[in-house]
Amino acid sequence: MIKLTRVDAHISQKQLAEACGVSQSAISRLEGRGTAAYNMTLLARAALHLHLPPRLVGLADLTAAQAARADGTEVERRNFLAGAAAVVTAPSLPSSPKVGRQDGSYAATLRLVTTAFRRMDGQTPSRLLTEPLLAHLRLTQSLAAEADRTAKVQLAAVGSEAASFAGWLAWDMGDHGSARTWYGTAIRAARRASNSLLAAYQLGSLAQFEAHAGNSAQALSLIRSARRHLADQCPAVAEAWLAANEALAHAATGDSDAADRALTTAACIVERIAVEDPPPWPWVLNFTPGKVAATRVTCGAWLGRPRWVLAAQDSVSSVMTSGHEKQRALLLADLAMAHMAEGRIDGAFALGARALEIGTRYRSGRIVERVRALRRTYSSPTPPKIVREFDDRLHDVYL
C-alpha cells in the first residue's frame, strides 16, 4: 500500500524517507517486507505523509498493534490481516449521500486494497486471505448498490478484480467449484464495467484455470473470446500472456507442436515489453521472459518433454527467486516431473519433497495435488528409501 501510493503520487523513496526522518534504505526495507514483521512506527509515519488512513495499512489501532508485536512473523501477519479486514469492514467511507461521487477516489482506494492482497498471495496461506478479501468484496458490492451510474461502472471493475482473486484463492485451496463461480462473477462484473481489457483478463484467467483442469477445448474457446474483446487494441503484455495460456491449453491436449508455436509467439511478444513501463491494470506485475520460460517448463512437464523443461530451467531463475513461494513450489513440481521422465528418481523426489514442504506450509491444495500427480507416475514393488520417505510425508498431509 505504501509503495503503490508513493509511486502514484510521484514521490521517490528518498523524498518519503526525508519526510519520515529516516534513510532511503529504511523505506526500501519497509516496502519490501511482504508479510514479515514491520516497524509499526515507521509504517504509521509513512502512511501519515502519504495521507493514507491508518486502517488502510493494517493499523486499525496503532497502540494495540505495537503492544501485540512478537518475535514470530505469524503474529505480525495476523495483525496485518486483521487491520486489512478492518479497513474493508469498518464504516470508514462516507455513506450513501456521497457514494455517487465521480472523482474515482473510492474505486481507486478499494483497488489498492485488492492489489495489496494480490501482492501478499505468494507468501500467505489462501485461507488467511479469503475472509478479508470477501469482506472487501462485500463492501465494494454494497457501495455499488447505492452508487450513481458512473460510480457503479467504476466499482464493477473493482469488484471484478476482487472476485477474480477470490477465484485464484479457491483454486489454490483445491476448491474448483468455487473457483469457477468466482471467475464467472468476475467476467460478468467486467462486462458491466464496459472494460474490454479487464474482460479479456478475466476470460484469460478462467482459460488458464480450465487448461490446468484439463479442459483444453473450453480454455481455447475462452482465449478466442478474450482476443475478440481486445480487437486491435491489445497491449503486448496481454498478447504474450494469452499466448502463454494458449500454450497451456494445447499442452493439455497433448499437442506439442501447437504448444511450441504459442510459446514461441509469447517469447517474441515479450521482447516488445519495456521493463521500465508498468503493466496496464489489471496486471499487477509484468509478463517477463522468465514467466514464458516457466510456462514452457509446465507444458514440458505435461507433455512428457523433459528436454523442454531442462532447456528452460536456467531461464526461470527470476521466478524461482521472486519471493512468490507458491509459484516456486509449482515450478519445482514441474521440474520433478521432468527428472522422473528422464529416469532420475532421486532427483525427482528430492524436488517433489521441497514442493510438498512449501505446499504444506501454505496449505495449498493445488501444490499438494501437483505433488500427488508426481507420485502417481512412479510404480515399483520395492521403492527406494527416498520414495518411502516421500510417501511418509505425503500420507501425513491433511489440508
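Tabulated data for the structure shown
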read-out	value
Distance (nanometres) between label positions extended 7 Å along Cα→Cβ at Asp346 and Trp283	4.2 nm
Prolate/oblate/rounded call for region 246-292, Cα gyration tensor, a/c under 1.5 rounded	prolate
Prolate/oblate/rounded call for region 261-372, Cα gyration tensor, a/c under 1.5 rounded	oblate
Proximal charge balance of His250 [Cβ under 11 Å; K/R count +1, D/E count -1]	-3
Rounded if a/c under 1.5, otherwise prolate or oblate - region 308-399, Cα gyration tensor axes	oblate
Surrounding net charge for Ala200, when Lys and Arg each add one and Asp and Glu each subtract one, Cβ distance under 9 Å	+2
Cross-link partners of Lys326 among lysines (Cα-Cα below 26 Å; sequence separation of 8 or more within a chain)	Lys3, Lys291
Of the chymotrypsin sites (Phe, Trp or Tyr not before Pro) in region 354-399, those whose Cβ has at most 10 other Cβ within 10 Å and which sit in DSSP loop	Tyr398
Portion, in percent, of the accessible area of region 316-382 that falls on carbon or sulfur, probe 1.4 Å	52 percent
Solvent-accessible area of Trp283 with every protein chain in place, 1.4 Å probe, in Å² to the nearest 10	20 Å²
Ser25 paired with Thr382, simple spin-label distance in nm, labels 7 Å along Cα-to-beta-carbon	5.8 nm
For region 327-344, Karplus couplings with θ = phi - 60° (6.51, -1.76, 1.60), whole Hz, Gly/Pro x	5, 4, 5, 5, 5, 4, 5, 5, 4, 4, 4, 5, 4, 5, 5, 8, x, 8
Environment charge of Arg328, counting only residues whose C-beta is closer than 15 Å and scoring Lys/Arg +1, Asp/Glu -1	+1
Label-point separation, Thr181 to Ser221 (7 Å along Cα→Cβ), nm	2.2 nm
Anchor Lys152: lysines whose Cα lies under 21 Å away (excluding residues fewer than 8 positions away in-chain)	Lys98
His49 - accessible surface, heavy atoms, 1.4 Å probe, Å² rounded to 10	80 Å²
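The values are calculated or read from the model by the stated rules, or taken from the named source; none is laboratory data. This one's a predicted model, so the numbers in the text were calculated from it and none came from an experiment. Don't worry about glycine lacking a Cβ; one is built from the backbone with ideal geometry, like all the others, and counts go over all protein chains shown. Please note that ligands, DNA and RNA were not included when accessible areas were found on the heavy atoms of the full protein model with its side chains. Shrake-Rupley method; radii C 1.70, N 1.55, O 1.52, S 1.80 Å.
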